1. If I filter the stretch 37-89 down to residues being under 44 Å from the mean Cα position of the chain (by Cα) and among the β-branched types (Val, Ile, Thr), which single residue comes out as most open to solvent (accessible area, probe 1.4 Å)?
2. Quick check on the stretch 92-105. Is at least one of its residues modelled with pLDDT of 80 or more, of a type in the set (Val, Ile, Thr) and open to solvent by 60 Å² or more (accessible area, probe 1.4 Å)?
3. May I ask you to list pairs of residues, at least six apart or on different chains, whose Cβ atoms are under 7 Å apart, with the first in the stretch 533-545 being assigned to a strand (DSSP E or B) and the second being open to solvent by 20 Å² or more (accessible area, probe 1.4 Å) and of a type in the set (D, E, K, R)?
4. Could you please let me know if residue 558 is open to solvent by less than 30 Å² (accessible area, probe 1.4 Å), over 30 Å from residue 672 (Cβ atoms) and modelled with pLDDT under 95?
5. Just checking: which of the helices (runs of 4 or more DSSP H) contained wholly in the stretch 633-752 hold 3 or more residues that are among the aliphatic types (A, V, I, L, M), within 35 Å of the chain's Cα centre (by Cα) and over 23 Å from residue 358 (Cα atoms)?
6. Can you pull out the residues in the stretch 623-632 that are over 30 Å from the mean Cα position of the chain (by Cα) and either among the charged types (D, E, K, R) or open to solvent by less than 60 Å² (accessible area, probe 1.4 Å) (or both)?
Amino acid sequence: GGPPAAPPGSDTYKGWLFKWTNYLKGYQRRWFVLSNGLLSYYRTQAEMAHTCRGTINLSTAHIDTEDSCNIVLSNGGRTYHLKANSEVERQRWVTALELAKAKAIRMRNNQSDDSGDEEPASQSDKSELHGPLKTLSSKLEDLSTCNELIAKHGAALQRSLSELENLRLPADSGEKIKAVNERATLFRITSNAMINACRDFLDLAESHSRKWQRLLQHEREQRIRLEETIEQLAKQHNSLERACRGAPGLASGTASIASTAKAGSVQSAKGEASDEDEETEYFDAMEDAPAFITVTADPKHHRRSGSNLSGASEGHPEDWNLEDSVFESSNQSSYSESTGKDLLPRKRRRTRIPDKPNYSLNLWSIMKNCIGKELSKIPMPVNFNEPLSMLQRLTEDLEYHELLDKAVKCESSTEQMCFVAAFSVSSYSTTVHRTAKPFNPLLGETYELDRLEELGFRSLCEQVSHHPPAAAHHVYSRRGWTLWQEITIASKFRGKYLSIMPLGAIHLEFHSSGNHYVWRKVTSTVHNIIVGKLWIDQSGDIEIVNHKSKDKCQLKFTPYSYFSRDVPRKVTGVVSDADGKAHYVMSGTWDEKMECSKIIHSSHGSTSTEGKQKTVYQTLSPKVLWRKYPLPENAENMYFFSELALTLNEPEERVAPTDSRLRPDQRLMESGRWDEANVEKQRLEEKQRAVRRRREAEAVEALEEGKDYEGYTPLWFERKVDAVTGELICVYKGGYWEAKDKQDWSVCPDIF
């Protein structure tokens with residue numbers, strides 16, 4: 001069989017042995033490898049690279065010797081019958097197997113000890129020393145095992161010598177002398193193994209003693225340096241907090257500085273504070289750069305024959321500046337000035353809510369068990385919420401509804417598309433500072449926003465599904481448009497960031513023209529969930545399609561990149577007609593403004609490094625279609641709510657008993673009574689779970705009886721197949737506003 005590949009004292013032992021297979025083939029020669037407490041075998045040495053025929057764990061195995069050359073290993077229901085070429089070779093394997101078994105048992109015990117009550121901090125501090133100490137302990141145990149084997153073989157040798165002395169017949173003396181020689185050989189092998197183990201132990205002790213001293217000294221220096229750094233950071237943090245409290249004009253002063261900062265920095269021109277640190281997560285620059293380049297043309301040098309603004313790209317440049325043009329933006333300074341002449345004066349509504357309490361909370365203690373889970377299934381305290389429900393946040397998309405009022409007046413569908421695109425971007429403007437989580441609506445919860453007499457529209461939302469959470473939304477405007485959608489929020493917590501993916505299409509139809517627009521929302525990402533300042537980003541593409549005229553608008557939300565030269569939160573896009581001809585270029589940021597530039601000429605530019613040919617659009621001067629309203633005074637202490645958001649949870653009479661304004665936990669949180677809000681939130685969630693369990697029991701009972709079970713049916717919406725997209729969507733079936741007029745809420749469940 002050849003000598004084994006390593007001495008018995010080493011961690012790995014290899015060699016040929018004969019293994020019993022069956023009664024037909026008997027013993028077959030196999031290559032055995034002993035490593036890390038496992039004995040594996042192969043048909044040939046070449047098989048070690050790809051095929052293992054079997055493995056037995058020695059930590060729970062029993063080792064037995066039948067005769068001078070046989071070894072029996074048994075572990076549970078698995079037994080290996082092995083045979084060596086000679087008794088000496090068998091004893092080498094037995095010694096190696098016993099050593100490996102002892103190591104495996106110690107390793108298993110150490111692992112069970114390590115999983116005890118040792119603090120994580122101490123494990124981290126001693127990680128550099130733990131490995132050498134375990135190695136030294138292992139070698140010391142090897143010495144003890146070898147010592148036992150030497151004593152065992154020494155006793156056997158002693159017995160053989162005693163028998164030799166008592167011999168009388170010369171024939172017997174030859175056999176006994178042979179046995180003595182074999183015993184002496186075994187004793188020499190075991191002694192060598194012990195000597196080698198002693199040498200390894202001494203070498204390790206000598207080499208690691210100096211290393212321990214260096215490690216301990218390094219740890220002391222690191223600890224002192226870390227304590228000094230933490231103390232310095234704490235002082236700087238306190239100084240910054242005092243400076244912020246004592247300098248109310250800091251934001252405006254920062255704006256002038258930030259405007260000259262490098263493009264792509266975390267600070268924006270509006271003076272948003274930067275909190276970059278090692279924990280801040282950044283995206284790489286986008287590989288697919290914009291496929292077009294915009295060049296602003298001089299109107300005086302581009303007079304061409306053509307029609308009005310609604311015509312093709314070769315229209316009069318002067319028409320772009322007409323005062324009566326729909327594109328002549330009338331950006332209001334605030335939400336309160338967006339009333340129309342044909343509507344009643346705006347009702348006086350609240351302009352502030354109680355300041356947000358300053359409660360401290362250990363975020364990691366709550367979130368560490370939530371990684372990879374659906375956000376809606378995580379029990380969260382109200383400390384991470386804002387006092388608005390998801391239905392109210394959905395209604396907040398209507399803050400810039402006047403963009404759609406202007407779009408009604410457009411004669412051209414491509415012009416109208418520009419305003420629809422600006423409206424789709426405006427819905428993200430409130431999210432730049434709003435990193436708190438809205439309340440998950442209860443099943444059957446509703447929210448109405450009746451501004452028909454003041455702003456010309458009325459809105460209704462209903463939570464139509466709980467798992468997955470889905471909300472249906474319907475808006476009617478007497479100014480000539482209707483909007484509806486069903487949004488399901490898919491969200492995943494990934495440790496450092498939270499991804500929020502709205503699923504579902506948004507539909508917008510203009511009454512007079514019949515233009516029907518459909519688009520979907522992009523992904524929102526909240527960064528620095530565990531450590532650092534929370535910040536939110538939007539990324540992805542929006543394709544807006546007019547299903548009547550086949551016009552399209554492709555909008556690209558560029559994710560933030562520390563290495564990019566682009567303006568943060570950049571949005572770009574092109575409006576094209578059914579033939580693919582580009583008419584307008586959209587540009588801006590999702591947190592500030594959107595501009596529209598009319599294309600007067602297009603040409604193909606140079607090829608980029610990726611092999612894509614860029615299009616050069618020559619445009620007239622851009623016109624601002626939408627600009628974000630400034631936040632109200634003291635917004636930073638009121639969850640950064642806009643003027644509209646401040647009014648969304650204002651108590652109103654005659655609303656449905658399922659309205660979000662009547663939700664007690666949300667109302668308590670808004671009042672600053674967070675502890676009571678947490679108790680109330682748990683009560684409502686448990687009440688909802690009890691209803692769901694009862695509904696599941698009814699479904700099982702109906703199934704056993706062979707009956708159909710419809711399940712939960714929305715109150716004011718019904719599921720239909722959309723004629724445009726072919727998707728099953730919840731649409732408003734009517735009845736809510738009539739029930740409100742009659743104050744007949746008998747169909748509403750008791751959810752609060």
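1. 60
2. No, the conditions are met nowhere in the stretch 92-105.
3. Close Cβ pairs (under 7 Å, with a partner that is open to solvent by 20 Å² or more (accessible area, probe 1.4 Å) and of a type in the set (D, E, K, R)) amount to 541/556; 542/520; 543/552; 544/552; 545/552.
4. For residue 558, the condition - open to solvent by less than 30 Å² (accessible area, probe 1.4 Å), over 30 Å from residue 672 (Cβ atoms) and modelled with pLDDT under 95 - is met.
5. Per the criteria, 674-704.
6. Once the filter is applied, which keeps residues that are over 30 Å from the mean Cα position of the chain (by Cα) and either among the charged types (D, E, K, R) or open to solvent by less than 60 Å² (accessible area, probe 1.4 Å) (or both), the stretch 623-632 yields 623, 624, 625, 626, 627, 629, 632.
Table: residues versus (1) modelled with pLDDT of 90 or more; (2) farther than 27 Å from residue 503 by Cα; (3) open to solvent by 30 Å² or more (accessible area, probe 1.4 Å); (4) out of contact with any helix residue (DSSP H, G or I) (no Cβ under 8 Å at 6 or more places or on another chain).
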position	(1), (2), (3), (4)
658	yes, no, no, yes
662	yes, yes, yes, yes
675	no, yes, yes, yes
714	yes, no, no, yes
723	no, no, yes, yes
727	no, no, yes, yes
734	yes, no, no, yes
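Rundown of residues vs (1) in contact (Cβ under 8 Å) with a residue 24 or more places away in the chain; (2) acidic (Asp, Glu); (3) in contact with a His (Cβ under 6 Å, 6 or more places away or on another chain); (4) farther than 24 Å from residue 470 by Cβ, yes/no style:
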| residue | (1), (2), (3), (4) |
| --- | --- |
| 419 | yes, no, no, yes |
| 423 | yes, no, no, no |
| 431 | yes, no, no, no |
| 436 | yes, no, no, no |
| 441 | yes, no, no, no |
| 451 | no, no, no, yes |
| 459 | yes, no, no, no |
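The values are calculated or read from the model by the stated rules, or taken from the named source; none is laboratory data. Since we're looking at a predicted model, the values are computed, not measured. Heads up, the Cβs are rebuilt from the backbone with ideal geometry, glycines too, and the neighbour counts pull from every protein chain shown. Each accessible area value is taken on the protein alone, full model and side chains, heavy atoms only, with ligands, DNA and RNA left out. Shrake-Rupley method; radii C 1.70, N 1.55, O 1.52, S 1.80 Å.
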